[in-house]
1. Scanning for something in contact with a helix residue (DSSP H, G or I) (Cβ under 9 Å, 6 or more places away or on another chain), surrounded by 16 or more Cβ atoms within 10 Å (Cβ to Cβ) and at positive phi, does the range 452-474 turn up at least one residue?
2. Report, by residue number, each residue of the range 291-309 that is crowded, with 23+ Cβ neighbours inside 10 Å and part of a helix (DSSP H, G or I).
3. Residues that are surrounded by 16 or more Cβ atoms within 10 Å (Cβ to Cβ) and under 15 Å from the mean Cα position of the chain (by Cα): does the range 111-130 have at least one?
4. Among the helices (runs of 4 or more DSSP H) confined wholly to the range 84-182, which include 2 or more residues that are out of contact with any helix residue (DSSP H, G or I) (no Cβ under 8 Å at 6 or more places or on another chain) and more than 23 Å from residue 402 (Cα to Cα)?
5. Condition (residue is surrounded by 18 or more Cβ atoms within 10 Å (Cβ to Cβ), modelled with pLDDT under 85 and under 30 Å from residue 166 (Cα atoms)) applied to the range 425-443: is it met by at least one residue?
6. In the range 31-48, which residues are free of Cβ contacts under 8 Å to residues at least 40 places away in the same chain and closer than 20 Å to residue 79 by Cβ?
7. Going residue by residue through the range 514-524, is there one that turns out to be touching a residue at least 40 places away in the same chain (Cβ under 8 Å) and either within 21 Å of residue 163 (Cα to Cα) or under 27 Å from the mean Cα position of the chain (by Cα) (or both)?
């Protein structure tokens, strides 16, 4: 009986802490949202106020605070980590290996250079301040990383993951997640925890990480589809949820055992499941869990803000906060321009990723335990990083406002501020390069009304001065599409050649107008099949179309009658189109099943 009472007394602390977090989600966050403030800020502020370092530290003086504050952050930290895992899993569900491959230049180039350049800059500043080399490198590498959870949640809520800023930010964050493995290995080696050669130890860690990713991919391809087919045949929503959780946690554990983050393992599992017919049903199942667990994560980040550190050295702390954001933002903006982002996009990416990230709490905590960095100083830096993370929503809003000012300044030319005509039915031509000009010429000769757009100011200015009615704007922006008269449009013709931008435009157009004709240029057959799956009415692969035109010219030149050659080429084009559409239907054949699961409970 006594042991039962002791167990109950021990457990009640965990339940009371859970009540505080759930109360925040049920009461405080709705009030914050109603006031027009980001829910992320609501969770961060509640965590900072109700955590053990703030009101929780006065429990002895005011015992009733026990029921309104978190006594021990460990009671909720495990669930908080799962929030990041679920977020990355959901991001993986929205991607594919083809889209990831298309982003490799940004991941390896922009993301990799950001980690190296920011680490070098901050480590150099720390070395000049008198820190030993190892401590300076630890500071530079851990602080160079940003918050995957906060940034991706903000972009996801704004439906901007497929925008230029969203793609660039995600590429950098993915590169940072991969960089965690060598950074942790360096900290362990520098702290004397691992013997032997540094290069050999790093090579071993990277090989182990690669093996873990390969294992997740192999097991996923072999087991995931049969598993969900079996669970789906049971027609039990409980078993379906259990299977989803099994896949997420298993992939996370495999990655964790190899020294990777659990979130990265879940991300790979999400990509694998996105290629199955169960992707949409899984997305609908996981979404409620992700939101609550992410809220707990933001709450725990808020709890790390120690107001005593703020009060002890307020000016130095503010200088560290401002310096960190400034250095990272400048590096990212410069690299963004190097990788051909526009000034507005580069600035916004810099401000979004300027704050520190959750990995700093792991890396600096390990460094402090190995005596690479003094514990009080680590606590001070972590307080600064937590404040920068809390400022992320405000910096994101500032970035959008600054980019808006840049765009207004850049489009002050009345040629670029001309508004497209609306009302009457017409086609929308996206892109006014060589292909767009040919399409518009044919439309004009055949009296097909159209509105032509392009995102390049120089192209628009040149076209309008030549007498062509072309309008400046981003066709991936739903507001610009509405201004172009999408509601009354008879069709949308996409003539640009940027794969990711094409995908974003098709997704936006199909969301706003499920019934409208979409004819799009495609990079190749794989991309064309992907566009059909996204909802394009017709997709024209560059590689196939050029081969058909080449064949037609060759046949006519070799003496085949022109009419017969054209008919043969048209027949071959129809065969290619049918094959691509069939591949798209097979890839998306689980769509109706997903919708049934989302809108109707399974008996």
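1. yes
2. 294, 295, 296, 297, 298, 299, 300, 301, 302, 303
3. yes
4. Numbers: elements: 97-102, 112-128, 133-143, 148-157.
Of the helices (runs of 4 or more DSSP H) lying wholly inside the range 84-182, those with at least 2 residues that are out of contact with any helix residue (DSSP H, G or I) (no Cβ under 8 Å at 6 or more places or on another chain) and more than 23 Å from residue 402 (Cα to Cα) span 112-128.
5. No, the range 425-443 has no match at all.
6. Residue satisfying the conditions is 42 alone.
7. yes
This table checks each residue for (1) within 21 Å of residue 137 (Cβ to Cβ); (2) in contact (Cβ under 8 Å) with a residue 40 or more places away in the chain; (3) assigned to a helix (DSSP H, G or I); (4) in the same structural domain as residue 179 (by TED's automatic domain parsing).
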position	(1), (2), (3), (4)
344	no, yes, yes, yes
351	no, yes, yes, yes
356	yes, yes, no, yes
364	yes, yes, yes, yes
378	yes, no, yes, yes
382	yes, yes, yes, yes
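The values are calculated or read from the model by the stated rules, or taken from the named source; none is laboratory data. Computed from a predicted model, the values in this text were never measured in an experiment. Ideal geometry is used to build each Cβ from the backbone, glycine not excepted, and the neighbour counts take in all protein chains shown.
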